[in-house]
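Student: I'd like to ask some things about the structure below.
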Amino acid sequence: MTEEALVRMALKARENAYAPYSRFSVGAALLCGGGAVYTGCNIESASYPCGLCAERTALGKAVSEGQRDFVMLAVAGSSRELCTPCGMCRQLLYEFAPALIVLCANDAGDYERCTLGDLLPRGFGGASML
Ligand code: THU
């Protein structure tokens, strides 16, 4: 799976976004260690805080199917700005994959590669409680 292919999958997943309130569609594609890819889109609600980001939709699909090992995530928004995961998504991704590679893409498929450690330095995880 190339980075470009993962970004394309995120852009495709964006087509299913349910975003009538923000009108900002987002897609995500999460690559697992074994090669499987789980996609997700944002799902909003009239009760705004209930909304789900694309990244957490993809992660929830993957974990609920038994996946725990994640290598790379692509996230694509609907503007020329590169889309970066929100704080809540960074934290939940950190739970499973502190070393995750994150491809932050725009609506044209341009992207920048970073790591979850770049996005969430000194993140809080289970080891912090030992
Ligand atoms: N959103 C995502 O799905 N992922 C991100 O990385 C940034 C924001 C969604 C949440 C909300 O449905 C919309 O984009 C506007 O914030």
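Student: May I ask you to list the trypsin sites (Lys or Arg not before Pro) in segment 1-86 that are in a DSSP loop and have at most 12 other Cβ atoms within 10 Å of their Cβ?
Tutor: Working: sites: 8, 12, 14, 23, 56, 61, 68, 80; in loops: 23, 68, 80.
Sparse-neighbourhood loop trypsin sites (Lys or Arg not before Pro): 23, 68, 80.
Student: Treating only the Cβ of Lys, Arg, Asp and Glu as charged (+1, +1, -1, -1), what charge dipole size does the chain show about its Cα centre? Round to the nearest 20 debye.
Tutor: For the chain, the charge dipole is close to 180 debye.
Student: What translational diffusion coefficient, in µm²/s and rounded to a whole number, does the Stokes-Einstein relation yield for segment 1-51 at 20 °C and a viscosity of 1.002 mPa s, taking the hydrodynamic radius as the Kirkwood radius over Cα pairs?
Tutor: 185
Student: Residue separation times 0.36 nm, minus the C-alpha to C-alpha distance between residue 128 and residue 21: what's the value?
Tutor: 34.8 nm
Student: Something else about it: Between residue 115 and residue 91, what is 0.36 nm times their sequence separation minus the Cα-Cα distance? Round to one decimal in nm.
Tutor: Details: separation 24, 0.36 × 24 = 8.64 nm, distance 1.30 nm.
Between residue 115 and residue 91, full extension yields 7.3 nm more.
Student: Additional query: Please check the chain for the longest run free of GluC sites (Glu not before Pro) that are loop-located per DSSP (anything but H, G, I, E, B) and have at most 11 other Cβ atoms within 10 Å.
Tutor: The longest such stretch corresponds to 1-64.
Student: Scale the Cα Rg of the chain by the rule-of-thumb value 2.2 N^0.38 Å and send over the ratio, two decimals.
Tutor: On the way: Rg = 13.8 Å, N = 130, 2.2 N^0.38 = 14.0 Å.
Against the compact-globule rule of thumb, the ratio is 0.99.
Student: Find the centroid of the Cα atoms in segment 65-79 and in segment 2-37, then give the distance between the two in whole Å.
Tutor: The two parts, judged by their Cα centres, are 7 Å apart.
Student: Of all chymotrypsin sites (Phe, Trp or Tyr not before Pro) in segment 1-88, which ones are in loop regions per DSSP and have a Cβ with at most 15 other Cβ atoms within 10 Å?
Tutor: 21, 24
Coordinate-derived values only; no laboratory data. Predicted model, so just to flag it, every value in this text is computed and none were measured. Methodologically, a virtual Cβ is constructed for each residue, glycine included, from the backbone with ideal geometry; neighbour enumeration extends over all protein chains shown.
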